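First up is the structure itself, then whatever we jot down about it.
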Amino acid sequence: MIMPKKPRITQEERDLFRASVPKVAPLKQHQQYVSGPSSAKKLKISTFVPRAEQEPEIIPLREDPSLEPVNSEDFLSFSQTGLQYRTLQRLRRGEMVIDAEIDLHGLTVVQAEAVLGQFLAEALKRGWRCVCIIHGKAARKEDNRPILKNKVNQWLRLYPGVLAFCSAKPGHGGVGAVYVLLKRL
């Protein structure tokens, strides 16, 4: 399917916009988020810190010890009951707009849990519908059992704001990342 190109904004349109909002200053934030299908900005883990006065309620991440562990090349897929099949198909095909992306590479389990909890709380607060979480495959492990991939698989299944998730398309990390569909609040 060929996607039409977005029309470019002319300098005249840009000047007209700036003239209509003369006294607007950018918000001071620790991290900037960009929306759009191909413009998901990677969040640097070390700089992802919600501001204290606007800190969203963080729901603790839980685990299910009865869940079977996954291997580094396994495709992850999960959906809550009642989710429309067409919506799940769009998620699996990578057709949903990715509002933000976070990379958990190089973090310990404790760090990843804290950062992911903050990220999901912020995503729900901002009303993001779809996010991408890069957890990696850890293919260098002897037993082929990636620690973070298994933890993310468990955490997301039990997180109340998650409707569905599945492994990403190769261009977004493949089986080393997941697309996550979030509830609208």
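Against the condition over 19 Å from L61 (Cα atoms) and of a type in the set (A, V, I, L, M, F, W, C), how does V162 come out, does it pass?
Here the answer is no, as V162 does not meet what is asked.
Restricting attention to the stretch 76-106, which residues are hydrophobic (A, V, I, L, M, F, W, C), farther than 19 Å from E122 by Cβ and touching a helix residue (DSSP H, G or I) at 6+ places or on another chain (Cβ under 7 Å)?
Passing the criteria: L76, F78.
Report, by residue number, each residue of the stretch 56-79 that is part of a loop (DSSP other than H, G, I, E, B), touching a strand residue (DSSP E or B) at 6+ places or on another chain (Cβ under 7 Å) and surrounded by 15 or more Cβ atoms within 10 Å (Cβ to Cβ).
The initial filter retains those residues of the stretch 56-79 that are part of a loop (DSSP other than H, G, I, E, B), namely 56-76.
If we keep only those that are touching a strand residue (DSSP E or B) at 6+ places or on another chain (Cβ under 7 Å) too, we end up with 75-76.
Across the stretch 56-79, the qualifying residue is only L76.
Can you name the number of the only condition in (1) touching a residue at least 40 places away in the same chain (Cβ under 8 Å); (2) closer than 18 Å to S167 by Cβ that I147 fails?
Every listed condition holds for I147 apart from (1).
Read-outs throughout are calculated quantities, based only on the coordinates presented, and are distinct from any laboratory measurement. What you see is a predicted model; the values in this text were computed from it and never measured. All Cβ positions, glycine included, derive from the backbone under ideal geometry; neighbour counts span all protein chains shown.
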